[in-house]
1. So which GluC sites (Glu not before Pro) in the stretch B:79-158 are both in a DSSP loop and have at most 12 other Cβ atoms within 10 Å of their Cβ?
2. Count the DSSP beta bridges whose two residues both fall in the protein assembly as shown, then state the antiparallel fraction as a percent rounded to the nearest 5.
3. What's the average, rounded to a whole number, of partner chain beta-carbon atoms within 10 Å of each residue's beta-carbon in A:126-132?
4. With a Förster radius of 41 Å, plug the Cβ-Cβ distance of A:Asn273 and A:Glu16 into 1/(1 + (r/R0)^6) and report the FRET value to the nearest 0.05.
5. Can you give the average number of partner chain beta-carbon atoms within 10 Å of each beta-carbon in peptide B:27-40, as a whole number?
6. Evaluate the charge dipole of chain B about its Cα centre and quote only its size in Debye, nearest 20, assuming +1 on the Cβ of each Lys and Arg and -1 on the Cβ of each Asp and Glu.
7. To check you understand DSSP bridge types, tell me what percent of the beta bridges within chain B (both residues inside) are antiparallel, rounded to 5.
8. Once phi is turned into θ = phi - 60°, what whole-Hz ³J(HN,Hα) does the Karplus curve with 6.51, -1.76 and 1.60 give for every residue of the stretch A:221-236, x standing for Gly and Pro?
Amino acid sequence: MKIDDWLQHNTFHHEEFWDLLELIKAKEERNLKISLCIPTLNEEKTIGKEVVLFISELKKRYPLLDEIAVIDSGSTDKTREVAAAFGADVYLASEILPEVGDKPGKGENLWKAIYQLKGDIICYVDADIKNIHPRFVYGLVAPLIYRQEIKYVKAFYDRPLAYSKKFRPSGGGRVTEILVRPLFSLYFPELTAILQPLSGEYAVRREVLERIPFPIGYGVETSHLIDVYRQWGLEAFGQTDLDQRIHRNQPVEALGKMSFGILQTFFKRLENNDFTGKVPKISPLYRHFQAHHRHYKQVVQEIVEEERPPMITNPDYRRKFGLPDS
Amino acid sequence: MSLTLQTENIVETLPDIRQALRHYREIILASSVMMGEIPAPTNGEEERIRFLSDRFNESGLQNISIDEAGNATAVLPGQEGRHNILLEAHVDTVFDRSVDHSVALGTDVLKGPGIADNSIGAAAVSILPLMLEKLGIRFSNNIILLGAVQSQGHGDLGGIRFFLDHVQMPIHAGVCLAGIHLGRLSYSCLGMLRGEIVCQAPTETFWERSNARGAIVNLNEILTRILSISELDEPGTSLILGSIKAGNAFNTIPSQAILRFELRSEKRGKVTIVQRKIAEIIRAVAADSEAQTELRVITRRKPGGIKSNHPIVEGTRAIMAALGIEPTVAPSVGALSALIAKNIPGVTLGLTSGQNLHEFNEQIQIEPIFTGLAQLIGVLQMIDRGIERP
């Protein structure tokens, strides 16, 4: 599937799925169960709002979700109490599959959710979203309900506040633009079409989740994209524009740690995909994206990093500075 | 058309209604959060009105519309539908669109700009039809739901006044909803004048040359004289000095100063007398200083209301008593005055307790909301049954 085709057919906006009654009808016709997993670690300030909103809007008013679960990494604040008080099913990650042990990291919670939850589709939503809204769930699960061939739907957000020209940049985060997109441009060019590869919100079919490994730390989102892409191709992905997402901004030190974790995951994938030792010819094409209203197009730029040899190898230089011929 | 006091068989059910409402806590809280997170400055309420209108649609109401003023309206049809009872909440807030409108939900409180005034009120209007359906409560008469725009400041109750001027169904009684405070009972309104005093001085260069001191000094002179107006010392008349804007720096004499104020009085004619005196003071200071000064009247309302023994007032007191609410009688300067101006009997009620009104950390308590909503349902039932049938 060509990137432009994929962008046209597999990129959605949450407003396309505003008719929740229609969506629930389609879900019931396909006999699907949908679980929401909110991984947490010390999120007492925001978790109550997320739980209340999803229970009210996507369980009581519109029964799209069959279960709403908080899987907690051992919060030391009142995250679990608040979530339970507002009606979520609350689990400690360490108590799920205890025989395999407990590893610290968000990926652990996501992985154990596959065991704990019942859904044919699991939707993961981070707990630190200040402007939480039902669209964060229905915008992601809808493509999976309506389109059988789509298996993994990522969120994207963050439009720039101002742009002067007709086209605006697609607006990934700092680690995306500085690390992940350049890496994908080099090794997995088609994956650059996923506008926000590191977003923490995605909905996935169980048949996929149960067949891919889960790094427990920063690399989980990157590894998913590579692993799903290698097994099912770009056409297995969808992505949905969820408008703005307001969340805590990470300090630069945290971004450094995140990048380090992602690099480890990435190189491990290169090794597993038999890239080691035979790195493919490095492409000089850097791929990024522009949006015009809701139409997205890729922009391919040739960035050739040419190199000059050490000056000392230049004969004129050697002559000028009286160096003997090499 | 008249009203009689009909609270039998209502007051005894109210504690059960309050308890039943707790089952819908998530819906009540989620609606309040979603309403509160949509910015709605006066004259910029479109998105919040669309949300409210969508909720009316989802509840299967009739005659859903957004009128020319921008109000959201809908009708919850009564079984007989002979009379019409208005339920109003204004949707606009005092906060600019650029303010972070995130609402924080704790175990006991909702916190965010505008949540008390009046996101919770607008949310209550949005969920009332659903709550009534869940509780199996039906009315004989039509309930007209109104999310009103342009209620604050310069809006001058533009939304509800437009609605009452143009509504095609006669309104027989009304209830206005305020977020805070639970126990509020308003059935009369004050005479009120909301205005600005603008002092305009020449530019800095001129003032430096003439050793004069600028617009702040002129405004101070006006203010000092206003505060000595004898009528302001009388009980029932008051002056609220709301805001002053002047100058930008330590070392630049400002050329403009603006004072915003609200003058209130329970006594007929008193606001006019004080307004005249303020105008005389402004003229005198202008003559002394050669500065340009101006009194701009933003809003003007006449005092009025229904009597304390009106069946709606007595019935509301009985309903409050049944729910253990201590009534606090206070005249209104809000939407109720628009009803009163049209001779429509009505009351303004509060929904919950709260703090930090009009601050960024405005907050409301969750637990009293259930009592506030039970009170609202009881008052609507009481009016519904008390309206004389032809």
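1. For GluC sites (Glu not before Pro) across the stretch B:79-158 that sit outside H, G, I, E and B with at most 12 neighbouring Cβ atoms in 10 Å, the list reads B:Glu80.
2. 60 percent
3. 3
4. Efficiency for this residue pair is about 0.75.
5. Partner Cβ neighbours, averaged per residue: 4.
6. That gives chain B a dipole magnitude of about 860 debye.
7. That works out to approximately 70 percent antiparallel.
8. With the stated coefficients, the stretch A:221-236 comes to 5, 4, 5, 4, 4, 5, 5, 5, 4, 5, 8, 10, x, 4, 5, 6 Hz.
The values are calculated or read from the model by the stated rules, or taken from the named source; none is laboratory data. In this text, all values refer to a predicted model and were calculated from it rather than measured experimentally. Counting neighbours? That spans all protein chains shown, and the Cβs are built from the backbone with ideal geometry, glycine included. Side chains included, ligands, DNA and RNA excluded: accessible areas come from the protein's heavy atoms. Shrake-Rupley method; radii C 1.70, N 1.55, O 1.52, S 1.80 Å.
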